[in-house]
Amino acid sequence: MRFSFLLIILLVCSCQLKEVSSDKVIARVNNHYLYLSEVNHNIRANLSFSDSVSMSKNYIDKWIKEQLLLEKAVFNLNPSQQVYLENLIQQYRNDLFIKTYQEEWLKTRMDTLVTSDEIETYYNDNKQNFKLHQDLIRGRYVQLPLANFNKVSVSRAMKRFNETDRNFLDSISLQFNSAYLNDSVWFRPQAFFNRINMSSPKEYERYLKSKRFFEIEDSIDLYLVFVEELRRRNEIAPLSHITPTLKHILLNKRKLETMRQFENDILEEAIKNKTLEIYE
């Protein structure tokens, strides 16, 4: 038996990726047959001989066990269980075909562009649905050596932060040990203050205030920090923070509306072509 099985594996590997004139049976479980073409189809190309042997054996073993277990299951499950499972299989098949077709249809027919005006309008009309579950801040900071002679100029630029100030800060950025100047991005307070080595709320809670400038220094560095804006938990989430979420919501709404129209069109077409009849 071992010798026969080895011959089967060798046959599979030697015929892999070659045209087979008449398909060969590799294994049988009652009335179910495993053919050489199926094994070859499920074995990756360009494998070494030893890897092909191993994969072929594993596939054949798996097929045999699956068929034996399936026959046992069908034999031992009662008729009502079998009917229930067959219905599930049929429903899954229907859902899979329908969903795949709908997705393919939508790809070519649904507009996926969501404008900033659409997002802003939806946000303004539904603000109360977008309350924060946690505090958020946006701000900026620079980390300077304690001896930096530009401290006064840098502090002034950090507070005012107009275009001239941003250009100035960019021009002297090599003097900074680190910096974060993209103050349009919202952070959880802990994530923001971790950047300046303040990880505990007890350390940074007193700085949680909009338009707040402060200095923090340790034995080596000076941090100049400006909190541009604070939003507290249960306040309305800022538009820029939830724009991706709003875009996703609007696309989903558009998708549902498009699919409803699609289903109505199919129904009307069936009635018009008399391929649908409802009997009382």
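The values are calculated or read from the model by the stated rules, or taken from the named source; none is laboratory data. Remember, it's a predicted structure, so these values are computed and weren't measured experimentally. Methodologically, a virtual Cβ is constructed for each residue, glycine included, from the backbone with ideal geometry; neighbour enumeration extends over all protein chains shown.
Among the criteria (1) among the hydrophobic types (A, V, I, L, M, F, W, C); (2) out of contact with any Leu (no Cβ under 6 Å at 6 or more places or on another chain); (3) modelled with pLDDT of 95 or more, the one I266 does not fulfil is (3). Residues in segment 148-187 that are more than 35 Å from the chain's Cα centre (by Cα) and hydrophobic (A, V, I, L, M, F, W, C): how many? Within segment 148-187, residues that are more than 35 Å from the chain's Cα centre (by Cα) and hydrophobic (A, V, I, L, M, F, W, C) number 11. Residue-level analysis places S219 among those that are over 31 Å from the mean Cα position of the chain (by Cα), hydroxyl-bearing (S, T, Y) and more than 30 Å from N126 (Cα to Cα). Kindly check whether there is at least one residue in segment 86-108 that is surrounded by 10 or more Cβ atoms within 10 Å (Cβ to Cβ) and in contact with a Pro (Cβ under 6 Å, 6 or more places away or on another chain). Scanning segment 86-108 turns up no residue that is surrounded by 10 or more Cβ atoms within 10 Å (Cβ to Cβ) and in contact with a Pro (Cβ under 6 Å, 6 or more places away or on another chain).
Looking at segment 73-90, can you tell me whether even one residue there is within 26 Å of V25 (Cβ to Cβ) and either modelled with pLDDT of 95 or more or touching a helix residue (DSSP H, G or I) at 6+ places or on another chain (Cβ under 8 Å) (or both)? Yes; the residues of segment 73-90 include at least one that is within 26 Å of V25 (Cβ to Cβ) and either modelled with pLDDT of 95 or more or touching a helix residue (DSSP H, G or I) at 6+ places or on another chain (Cβ under 8 Å) (or both).
If I filter segment 168-190 for residues that are within 30 Å of R233 (Cβ to Cβ) and either part of a helix (DSSP H, G or I) or out of contact with any strand residue (DSSP E or B) (no Cβ under 9 Å at 6 or more places or on another chain) (or both), do I get at least one hit? Scanning segment 168-190, I find at least one residue that is within 30 Å of R233 (Cβ to Cβ) and either part of a helix (DSSP H, G or I) or out of contact with any strand residue (DSSP E or B) (no Cβ under 9 Å at 6 or more places or on another chain) (or both), so the answer is yes. Among the residues examined, R254 does not qualify as part of a loop (DSSP other than H, G, I, E, B), among the basic types (K, R) and under 27 Å from the mean Cα position of the chain (by Cα).
Would you call I236 modelled with pLDDT of 95 or more, β-branched (V, I, T) and surrounded by 14 or more Cβ atoms within 10 Å (Cβ to Cβ)? Give the steps one after another, and end with the answer.
Numbers: modelled with pLDDT of 95 or more: yes; β-branched (V, I, T): yes; surrounded by 14 or more Cβ atoms within 10 Å (Cβ to Cβ): yes.
Yes; evaluated as a whole, the condition is true for this residue.
In segment 251-265, is there at least one residue being farther than 29 Å from D183 by Cβ, hydrophobic (A, V, I, L, M, F, W, C) and exposed (fewer than 12 other Cβ atoms within 10 Å of the Cβ)? Checked segment 251-265: at least one residue is farther than 29 Å from D183 by Cβ, hydrophobic (A, V, I, L, M, F, W, C) and exposed (fewer than 12 other Cβ atoms within 10 Å of the Cβ).
Selection within segment 122-154: residues that are surrounded by fewer than 13 Cβ atoms within 10 Å (Cβ to Cβ) and either among the acidic types (D, E) or without any contact (Cβ under 8 Å) to a residue 24 or more places away in the chain (or both). The member of this set that is nearest to V227 (Cα to Cα) is V152.
Among the conditions (1) part of a helix (DSSP H, G or I); (2) closer than 25 Å to Q128 by Cα, the only one that E205 does not satisfy is (2). Checking each residue in segment 186-222 for being surrounded by fewer than 13 Cβ atoms within 10 Å (Cβ to Cβ) and of a type in the set (A, V, I, L, M) picks out A191, I220. Contact map, segment 155-168: residues that are among the aliphatic types (A, V, I, L, M) paired with residues that are in a helix (DSSP H, G or I), Cβ distance under 7 Å, separation 6+ or inter-chain. Pairs shown: A157/D165; A157/F168; A157/L169.
Table: residues versus (1) exposed (fewer than 13 other Cβ atoms within 10 Å of the Cβ); (2) modelled with pLDDT under 80; (3) over 26 Å from E86 (Cα atoms); (4) out of contact with any Pro (no Cβ under 6 Å at 6 or more places or on another chain).
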| position | (1), (2), (3), (4) |
| --- | --- |
| S4 | yes, yes, yes, yes |
| L11 | no, yes, yes, yes |
| K18 | yes, yes, yes, yes |
| I26 | no, no, yes, yes |
| I64 | no, no, no, yes |
| E71 | no, no, no, yes |
